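Below is one structure; the comments refer to it alone.
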Amino acid sequence: MPDAKFAADNAPALSLIICTLNEGAAIRSVVTEIGEHLTGIDYEIVVVDDDSKDNTAAEVLDLGKTDPRVRLFVRKGERGLSSAAIKGWDIAKGRVLGIMDGDGQHDPVAIRALADMILAGDKDLVCASRYIGKTDTGLSFIRDLGSKAATLATGLVLKVPLTDPMSGCFMMTRDWYDTARPNLTGVGFKILVDVVASTRVKPRFGEVKAALRQRQGGESKLDIRVVLDLAALLVEKATNGIITARFVLFGLVGVSGAFVYALVLAVSHYLLRVEGALPLYRYQVRWDDIINYGLAIWLSMTWNFWLNNILTFRDKRLKGWPMLTGLLGFYFACSIGAILSLGVAILLKDYFGFHWFAAGISAALLSGVWNYWGAKALAWNQKKGI
Ligand code: GDD
Ligand code: MN
């Protein structure tokens, strides 16, 4: 039996999602232009805006007043192109689902060609590709090189021979998308990779050649983190979800935290001299050790929180007061790991004869995995699902 929502008379053939973050300068002309190119097709446009600080939402609402096919959904406290796209498709009504940028970079002529191709009915997935034949991709040399490298790495994980898996402009049937929906990761920018790698059903796919145009104002949100996100996403897909993307990011942060720990421990070891010992049951624990290891633990913990906040949990990034309470939550969550780490370090050094540095590093690594679960539960309060 068909889903009631889609059996409705007003279900459009195509739902085109546009994710936006501060695209107030471009969004009106983007929506208007694409509408002009989709004449004759029964479509809706769903703009998923992550609470832009500019007039993006106002522009879309205004467009929606005269054209009910244009809808707006605002997400609060969440970030990320991939998860925004998924949200858009979740609330879309069309039988075919698509996505494009809200800054005017995707060519409406190519989008029309994609729509015609998929609505013909013999394809499951159609993508705009910058890499069919010899073409000017519209990217700078460095970005072009990076994009090609990413495409190569992605090809190793994906079973579908897409020429441009990094494309942010594609369309697919809802039926095929539904086979991927339960396994989506929703991390980062590369939603096409996410979708294709999340289903075992091979799509019948087609491509349309399209170079990127210039942005119509605003600025790109692409940065180094997009590369890390993609690497993490690929690990998750390559391991069938056993190692999640977030765990990879958390692990990378953890490794950097280990370096901070080592640095602080070494500096403190050579600079600080404190006499005496703390009597603990039948043992004497030197203040030196407590302070050196404690300082290294505390500072690396704070470093980890800061980096996780802008990297691993960027989509739920905390600012202002919530950041402070988040930090306290993080300390609390890590406190058992921290005490464990301190205790084990001193134990390894004093009673197992480890070198002071080796003892510290071993103990720090031990508390690492524990902290991941603590952080997820207490500081960033992960909601289930995307
Ligand atoms: N809702 C939401 N939330 N939208 C976002 C976010 C976010 O956190 N980050 C970016 N966007 C929106 C932007 O407003 C824009 O409409 C679109 O996503 C793409 O972002 P850009 O910052 O313009 O990315 P780009 O042009 O560098 O990269 C695009 O092209 C690449 C190559 O085709 C994207 O489409 C990439 O996905 C694509 O790989
Ligand atoms: Mn763009």
Margin query: What does the net charge come to around Asp101 if you take all other residues with beta carbon closer than 11 Å to its beta carbon, with K and R at +1 and D and E at -1?
Written below: 0
Item checked: For the stretch 112-124, 3J(HN,Hα) per residue [Karplus equation, 6.51 cos²θ - 1.76 cosθ + 1.60, θ = phi - 60°, Hz, x = Gly/Pro] -> 4, 4, 4, 4, 4, 5, 6, 6, 5, x, 10, 10, 9
Margin query: Which one, Gly80, Ala363, Gly188, is farthest towards the positive end of the dipole of the chain when Lys and Arg carry +1 and Asp and Glu -1 on their Cβ?
Written below: Ala363
Notebook entry, point to check: Looking at Ala333, Leu265, Leu278, which one has the Cα that reaches farthest to the positive end of the dipole of the stretch 246-378 (charges on Cβ: Lys, Arg +1; Asp, Glu -1)?
Noted result: Ala333
Notebook entry, point to check: Counting Lys +1, Arg +1, Asp -1, Glu -1, what net charge surrounds Arg75 among other residues with beta carbon under 9 Å of its beta carbon?
Noted result: -1
Item checked: Cα gyration tensor shape of the stretch 4-242, rounded if a/c is under 1.5, else prolate or oblate by comparing a/b with b/c -> rounded
Check: Cα axis of helix 224-238 to longest principal axis of the chain: angle in degrees, 0 to 90, nearest 10?
Finding: 90
Checklist line | Angle between the chain longest axis and helix 245-271 axis [Cα atoms, degrees, rounded to 10] | finding: 30
Item checked: Residue-count net charge about Leu234 - beta-carbon cut-off 12 Å; Lys, Arg +1, Asp, Glu -1 -> -1
Notebook entry, point to check: When ranked by the protection proxy of mean other Cβ atoms within 10 Å per residue, highest first, what sequence do the peptides 172-178, 100-106 form?
Noted result: 100-106, 172-178
Margin query: Compute the helix-to-body angle for 287-310: its Cα long axis versus the longest principal axis of the chain, expressed 0 to 90° and rounded to tens.
Written below: 0
Check: Taking Cα centroids, how far is the stretch 282-297 from the stretch 121-184 in Å?
Finding: 53
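Taken together, the values in this text are just the output of simple stated rules run on the coordinates, not laboratory data. Every value quoted in this text rests on a predicted model; they were computed, and no experiment measured them. We place every Cβ from the backbone using ideal geometry, glycine too, and count neighbours over all the protein chains shown.
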